[in-house]
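Everything below concerns the one structure shown next.
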Amino acid sequence: MPASGEGADVVLRAVGKRYGKITALAQCDLHVSPGELVLVTGRSGSGKSTLLNLIGGLQTPDTGEVLIDGQQVWGGGNLAKQRRELVGFVFQQHLLLGVLSARANVEVPLIGAGVGRRERARRALDLLGEVGLADRADHRPEQLSGGERQRVAVARALVNEPRLLLADEPTGALDSTTAERLFDLLYDVRLSRSTTMVVVSYDPVAGKRADRTLVMADCGLLEAGAATAYAR
Ligand SMILES: Nc1ncnc2c1ncn2[C@@H]1O[C@H](COP(=O)(O)OP(=O)(O)OP(=O)(O)O)[C@@H](O)[C@H]1O
Ligand SMILES: [Mg+2]
């Protein structure tokens, strides 16, 4: 295993995923190098969320393999622990816990990771500050706007300093200025910690911050430019 602070190496080889008669992915190949920020676009229903779920071990491929640092880590024992230590996930639907404050939601990945109560609170408040929500730490999700919830979800995904960040439309509910700030934060995190990032987004600012843009089309990934007809 590489030293902490170094991003994960992600390889998908001939990955296929079907839902009944629907083929979401077929023969999908991908290599994301440690510290790379890859942007994924493509029309709605083209399989982008499925791709992130497969990389993050939330779904298993029907065919092919997903390798993190050259190993098939997903599917072995103690999946939850592996995932907690390796991956930060920003879900398309935020998935915040309604009974918890913003701060407590951000702390969730640190619970069970051996981080003390005060340190958890400090890190959560730091990150809430980074996403512009220092004064909303005590609000529950229902007391936050959609874009504020989205930013809490980003803070939660970063709080355990993951080696791999998977983000599904992390700025979908944000105005262009707030979105740009959030991508600046991702960019800074990736520069300082070499975090590998796979981000699904249609945000124009995302393209400026990414090393590469890929388009999901025909159940696989193409370099942007090769498939502009599919881009939304
Ligand atoms: N659990 C499921 N059961 C059946 N079909 C599914 C399931 N999840 C996704 N699909 C189908 O698989 C395809 C890929 O879905 P996916 O959510 O990966 O697309 P997406 O590119 O993320 O779309 P969007 O941009 O709208 O979020 C879609 O046609 C969808 O209807
Ligand atoms: Mg999706």
Quiz item: With each run of n ≥ 4 DSSP H residues scored as -39500 (n - 2.57), what mean residue ellipticity at 222 nm is computed for the chain after dividing by its residue count and rounding to the nearest 500 deg cm²/dmol?
Solution: -9500 deg cm²/dmol
Self-check item: Segment Arg118-Asp211, extension gain: residue separation times 0.36 nm, minus the distance between their alpha carbons
Solution: 29.8 nm
Self-check item: DSSP beta bridge pairing in the chain, given as percent antiparallel to the nearest 5
Solution: 50
Practice problem: Run the quick spin-label model on Arg43 and Ala14: label points 7 Å from Cα toward the beta carbon, then report their separation in nm to one decimal. | Solution: 2.8
Exercise. Would you mind classifying the stretch 31-81 by shape? Square roots of the alpha carbon gyration tensor eigenvalues, ordered a ≥ b ≥ c; an a/c under 1.5 is rounded, otherwise it is prolate if a/b is larger than b/c and oblate if not.
Key: oblate
Quiz item: So, counting K/R as plus one and D/E as minus one, what does the shell of residues with Cβ under 13 Å around Ser33 add up to?
Solution: -2
Practice problem: Over 26 Å, how big is the tail of the calculated P(r) for the chain, in percent of all Cα pairs? | Solution: 35
Quiz prompt | Distance in nm between pseudo-label sites at Thr23 and Gln93 (7 Å out along the Cβ direction from Cα) | solution = 2.8
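Rule-based calculations on the coordinates, nothing more; no lab input. Bear in mind the structure is a predicted one, so any value in this text is a computation, not a measurement. Backbone-built Cβ (ideal geometry, glycine too); neighbour counts: all protein chains shown.
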